Amino acid sequence: PAPRRGQPDLRRTVREFSDEPVDLDLVRSAVAAALTAPAPHHSTPWRFVLLRAQREQLLEAMAARWGHDLRADGFDEPSIDRRLSRGDVLRRAPVLVLPFLVRDGAHAYPDAVRSAAEERMFAVSGGAGVQNLLVQLAAEGLGSAWVSSTIFCPDVVRDVLALPPEWEPLGSVAIGHPARSLPDRPPRPLEAFLLER
């Protein structure tokens, strides 16, 4: 369904999906929408991977890395199992898309303040691309969940998928048809988030 005026909660996080097949052309359309996000210096800093043949290999490698990190942090095995189960949404989703940021066209500055601003500027653009993807998926009637896990193991992701070292993971997007109708969500109080000066 197309977004309607007065429907600000069109984009929702969906973690349970039906068995209905996903039309990959709708996913490709959402990626095309992601490519319309604003970007610094007329750059095109977004890349996406529609994860198919290497999906299970990547999810296993990511889980192994996360388990290793949690053990090093001192967590016991039941706690590790509970935390690893949070990634089950990625295993259950019919489709996975991985967004990445590539800082092609980034400017180099001699001082820390402008260098940090340049880094944030590209990060904001990467987030805008991800949000465009999520909103377009919702407009197409598809549910999605953004999961941050790839950000914590970028070397694993690049190694398994044979990606260039400059590709920075921006999480994973689980995609599918929602398993059930989403309940109404009360609006957040706008005055808590919007200042007028």
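The values are calculated or read from the model by the stated rules, or taken from the named source; none is laboratory data. Keep in mind it's a predicted model, so treat the numbers as computed, not measured. Glycine also receives a Cβ, built like all others from the backbone with ideal geometry; neighbour counts cover every protein chain displayed. Note: areas computed on protein heavy atoms with side chains; ligands, DNA, RNA excluded. Shrake-Rupley method; radii C 1.70, N 1.55, O 1.52, S 1.80 Å.
Worth pointing out:
- Kirkwood hydrodynamic radius (C-alpha pairs) into Stokes-Einstein, region 116-197, 4 °C and 1.567 mPa s, D in µm²/s: 83
- ³J(HN,Hα), Karplus 6.51/-1.76/1.60, whole Hz, each residue of region 11-26, x for Gly, Pro: 7, 10, 7, 10, 10, 10, 10, 7, 8, 4, x, 9, 6, 5, 5, 5
- In nm, spacing of pseudo-spin labels at residue 32 and residue 113 (7 Å Cα→C-beta vector): 4.4
- Estimated 222 nm signal from helices in the chain, with DSSP H stretches of n ≥ 4 weighted -39500 (n - 2.57), rounded to 500: -12500 deg cm²/dmol
- Under 5 Å, built H, 5+ apart or other chain: amide partners of residue 143: 176, 177
- Highest-MSF residue in the chain out of 85, 149, 172 [GNM, Cα springs under 10 Å]: 85
- Stretching the chain fully between residue 196 and residue 65 yields a gain of 42.6 nm (0.36 nm per residue, less the alpha carbon separation).
- Note on region 51-130 and region 151-197: Cα centroid distance 10 Å, given to the nearest whole angstrom.
- Simple spin-label estimate for residue 162 and residue 73 in nanometres, 7 Å along Cα-Cβ: 3.3
- FRET efficiency, residue 56 to residue 25 (Cβ-Cβ, R0 35 Å, nearest 0.05): 0.90
- Expressed as a whole percent, the accessible surface of the chain that belongs to carbon and sulfur atoms is 54, based on a 1.4 Å probe.
- Rounded if a/c under 1.5, otherwise prolate or oblate - region 14-101, Cα gyration tensor axes: oblate
- For the chain, the Kirkwood radius over C-alpha pairs fed into Stokes-Einstein at 20 °C and 1.002 mPa s yields D = 116 µm² per second.
- The chain, accessible area per residue, ligands and nucleic acids excluded (1.4 Å, Å²): 60
- Trypsin sites (Lys or Arg not before Pro) lying in DSSP loop within region 35-128, provided at most 14 other Cβ fall within 10 Å: 52, 86
- Under-5 Å amide H pairs with residue 17, H placed in peptide plane, nonlocal only: 179
- Estimated FRET transfer efficiency when R0 is 25 angstrom, pair residue 43-residue 151 (beta carbons, to 0.05): 0.75
- Contact order, relative form, for region 62-197: 33 percent (alpha carbon pairs under 8 Å, 6 or more residues apart, mean separation divided by residue count).
- Extension gain for residue 182-residue 104 works out to 24.2 nm (0.36 nm per residue, less the C-alpha to C-alpha distance).
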